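The values are calculated or read from the model by the stated rules, or taken from the named source; none is laboratory data. Here the structure is a predicted model, which is why all the values come from computation and not from measurement. Note that we place each Cβ from the backbone using ideal geometry, even for glycine, and neighbour counts take in every protein chain shown.
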Protein chains: 2
Amino acid sequence: MEIKVVRKVLDVNDTMATQNRKLFAEKGIFVLNMMSSPGSGKTTVLEKTLARIMSEIPSAVIVGDICTTNDADRLSKTGAPVVQVNTDEFGGDCHLAAHVIRNAAENLDLDAIDLLIVENVGNLVCPAEFDIGEDARAVVLSVTEGEDKPLKYPLMFRVCDAAILNKTDLLPYLDYHIETTAKNIRQIHADIPVFELSAKTEDGIEPWIDWLKQQVKQK
Amino acid sequence: MEIKVVRKVLDVNDTMATQNRKLFAEKGIFVLNMMSSPGSGKTTVLEKTLARIMSEIPSAVIVGDICTTNDADRLSKTGAPVVQVNTDEFGGDCHLAAHVIRNAAENLDLDAIDLLIVENVGNLVCPAEFDIGEDARAVVLSVTEGEDKPLKYPLMFRVCDAAILNKTDLLPYLDYHIETTAKNIRQIHADIPVFELSAKTEDGIEPWIDWLKQQVKQK
């Protein structure tokens, strides 16, 4: 019973995601879905990323949170148009679904942008199951979260096209082996690019920016 | 449509949770449901907690993960009986449901313990919605996760009876104001006890241990 129900919800989502993908393709927009646990530093990664690419690639952001507009407030300072989705209006959803993205996108001028970044709800589980019509997915994991998370949350790392290991500025203060985390990520997803960086200090951020620019240009 | 379905799943869960609560009460067992994001240090908190209470309060653990038995391996070294639940056997569930706890508890000698700690799946959203028949709930938030998480994930902080702010050993290296986090928690849940501690160094752990012992003895 429960499985059938979940299947039906996912089928409806997939249909809507396909429509989103078609719309974004028509508009020539590359869509990146960024996912992570709460507190991994997604918003800071995004702030620093927008600051470096906005002059070259017109971008907008849809940011999902259960509550608050904190992230939208921070991101709008980059000059990018930002739409905040609060999922408590939809029962406190733990992920962004395709129909939510569609509604949010109606608040953006899709002819004016080449890149749409979706900052998903902080959750390393459920968002991985919901196609929103994106072209690529990136997961952010902070080095304070331990080495074993890729093995414990494998679906997230399997469905993503890039992984960011953030907060490397804290490495000197942790009992943590970043090579082990990278190895665990590649055990789940062999050829995924892994970017080790500190969004705070911007150390190591360039390869990530280059990767993202290349993705947008390839579309 | 979707809302009705979710309601039905939650109703079934509530019925099962009530049965669990009755069973645990008959056996005189206090049940604590521990929840957090991935990587907040739940397992380390639990290791150090068990080391300090096992001689006084016979305890067991049910630990939920989507995959791996890493946490069970770590926790079984404390001498406590540990049952690992891997939710990928139930479609990769993002939370522990009441029927899963019931099945897991069948692997424990319920006459031999006074405290059952459930380490839930790492997720700051969904586990808050599922009653498992527990007596109390605790949320662990690490200081690396930022000050705003209680406001962004309010349900978790509303339903919990205690909050642990973990990894205080990292405070010197963060732009982070722990008083702001505590204030944000109390904005959601006015009278909740907040324990600031480092599970790694054990600094500040005693008030948490005292609180837990008192809860068990009051039952």
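Points to keep in mind about this one:
- Residue A:137 vs. criteria basic (Lys, Arg), part of a strand (DSSP E or B) and modelled with pLDDT of 95 or more: yes
Okay, residues lined up against (1) within 24 Å of residue B:74 (Cα to Cα); (2) in contact with an Asp or Glu (Cβ under 9 Å, 6 or more places away or on another chain):
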site	(1), (2)
B:119	yes, yes
B:143	yes, yes
B:148	no, yes
B:156	no, no
B:170	yes, no
B:187	no, no
B:200	yes, yes
B:209	yes, no
B:215	no, yes
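- Taking the numbered list (1) within 15 Å of residue A:49 (Cβ to Cβ); (2) within 12 Å of chain B (Cβ to nearest Cβ) in turn, residue A:174 passes all entries but (1).
- Breaking point among (1) closer than 19 Å to residue B:194 by Cα; (2) in contact (Cβ under 8 Å) with a residue 60 or more places away in the chain, for residue B:120: (1)
- Annotation: of all residues in region B:59-71 being surrounded by fewer than 21 Cβ atoms within 10 Å (Cβ to Cβ) and touching a strand residue (DSSP E or B) at 6+ places or on another chain (Cβ under 7 Å), the one that is nearest to residue B:110 (Cα to Cα) is B:69.
- Candidate set from region B:153-162 (those that are within 14 Å of another protein chain (Cβ to nearest Cβ) and in contact with a helix residue (DSSP H, G or I) (Cβ under 7 Å, 6 or more places away or on another chain)); member that is farthest from residue B:105 (Cα to Cα): B:154
- Screening B:76, B:142, B:59 for residues that are of a type in the set (Gly, Ala, Ser) and within 12 Å of chain A (Cβ to nearest Cβ) leaves exactly one candidate, B:142.
- Here region A:171-192 is the region considered, the condition is being in contact (Cβ under 8 Å) with a residue 24 or more places away in the chain and in contact with a Phe, Trp or Tyr (Cβ under 6 Å, 6 or more places away or on another chain), and the residue that is surrounded by the most Cβ atoms within 10 Å (Cβ to Cβ) is A:185.
- Considering only residues in region B:82-138 that are under 13 Å from residue B:66 (Cα atoms) and of a type in the set (Asp, Glu), the one that is surrounded by the fewest Cβ atoms within 10 Å (Cβ to Cβ) turns out to be B:89.
- Search result, residues across region A:125-139 that are under 22 Å from residue A:181 (Cα atoms), among the β-branched types (Val, Ile, Thr) and away from chain B (no Cβ under 11 Å): A:139
- Residue ID - modelled with the highest pLDDT, chosen from residues in region A:79-92 that are over 10 Å from residue A:63 (Cα atoms) and within 14 Å of chain B (Cβ to nearest Cβ): A:87
- Among (1) modelled with pLDDT of 95 or more; (2) under 19 Å from the mean Cα position of the chain (by Cα); (3) on the phi < 0 side of the Ramachandran plot, the one test that residue A:219 misses: (1)
- Selection status of residue A:164, touching a Pro at 6+ places or on another chain (Cβ under 7 Å) and surrounded by 20 or more Cβ atoms within 10 Å (Cβ to Cβ): no
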